[in-house]
Amino acid sequence: MVKLIDCFELKDYEVLSIIGSGGKTSLLIFLAKKYCHEKVLLSTTTKMGYPKASIYHRLVIDPFENLTAEIGITMAGKVIAKHEKKKISMPESAAFRQSFPLFDKVFLEADGAKQRPLKAWADFEPVIVSETTTTIGIIPLCVLG
């Protein structure tokens, strides 16, 4: 049986944008943990749930001008609070995107599904940044019946 990680032939340097519904964050975390022996950056181009501390080695909230690449998983984002729930959004600082080449792997959650099992895209989403080298679309199996 083929292992899930073997389905991804990631290059030495990747900026991977994950879009779709039902599993983006799980795949983002799975890939980050599999490549944690490299310099990995996790973030979002939209919004995502505030990450659990067990997911990353370093959390960078601000200033992004000081974002450095170290072996392990670095989570970076701007903290926002919506309806008393903390989330992470994409840093507006140009220094954030300019830091991508410092890392071996950049994994971005690039689409918001708001916990829906299936969604359609709009003119403003998904938000795939120009630095993206690979895009992965997610559709959960439960939608297929």
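The values are calculated or read from the model by the stated rules, or taken from the named source; none is laboratory data. Only a predicted model underlies this, so the values are computations on that prediction, with no experimental measurement involved. A quick note on method: Cβ atoms are made from the backbone with ideal geometry, for glycine too, and the neighbour counts reach across all protein chains shown. Areas reflect the complete protein model, heavy atoms only, side chains present, ligands, DNA and RNA absent. Shrake-Rupley method; radii C 1.70, N 1.55, O 1.52, S 1.80 Å.
For the reader, a short list of remarks on this structure follows.
- When residues in region 76-85 are screened for being in contact with a Leu (Cβ under 9 Å, 6 or more places away or on another chain) and not in a strand (DSSP E or B), 1 of them pass.
- From L108, L118, residue being surrounded by 13 or more Cβ atoms within 10 Å (Cβ to Cβ), more than 13 Å from F64 (Cα to Cα) and modelled with pLDDT under 75: L118
- Residue satisfying all of: in region 20-42; at pLDDT 90 or above and part of a strand (DSSP E or B); farthest from the chain's Cα centre (by Cα) among these: K39
- Restricting I73, I88 to residues that are among the β-branched types (V, I, T), outside any loop (DSSP other than H, G, I, E, B) and either within 11 Å of L41 (Cβ to Cβ) or open to solvent by 80 Å² or more (accessible area, probe 1.4 Å) (or both) narrows the list to I73.
- Subset of region 1-19 (residues that are among the charged types (D, E, K, R) and in a strand (DSSP E or B)): E14
Okay, residues lined up against (1) among the hydroxyl-bearing types (S, T, Y); (2) under 15 Å from F103 (Cα atoms):
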residue	(1), (2)
C36	no, yes
K39	no, yes
T44	yes, no
L67	no, yes
I80	no, no
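- When residues of region 43-53 are limited to those that are of a type outside the set (F, W, Y) and farther than 21 Å from I139 by Cβ, the one modelled with the highest pLDDT: S43
- Of everything listed in (1) in contact (Cβ under 8 Å) with a residue 24 or more places away in the chain; (2) surrounded by fewer than 12 Cβ atoms within 10 Å (Cβ to Cβ); (3) of a type outside the set (D, E, K, R), the single unmet condition for A81 is (1).
Yes or no, residue by residue, for (1) within 15 Å of T133 (Cβ to Cβ); (2) among the acidic types (D, E); (3) out of contact with any Cys (no Cβ under 8 Å at 6 or more places or on another chain):
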site: V2; (1), (2), (3): no, no, yes
site: Y13; (1), (2), (3): yes, no, yes
site: G20; (1), (2), (3): no, no, yes
site: E65; (1), (2), (3): no, yes, yes
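- Residue within region 52-70 that is open to solvent by 50 Å² or more (accessible area, probe 1.4 Å), assigned to a strand (DSSP E or B) and either in contact (Cβ under 8 Å) with a residue 60 or more places away in the chain or more than 17 Å from V127 (Cα to Cα) (or both) present: yes
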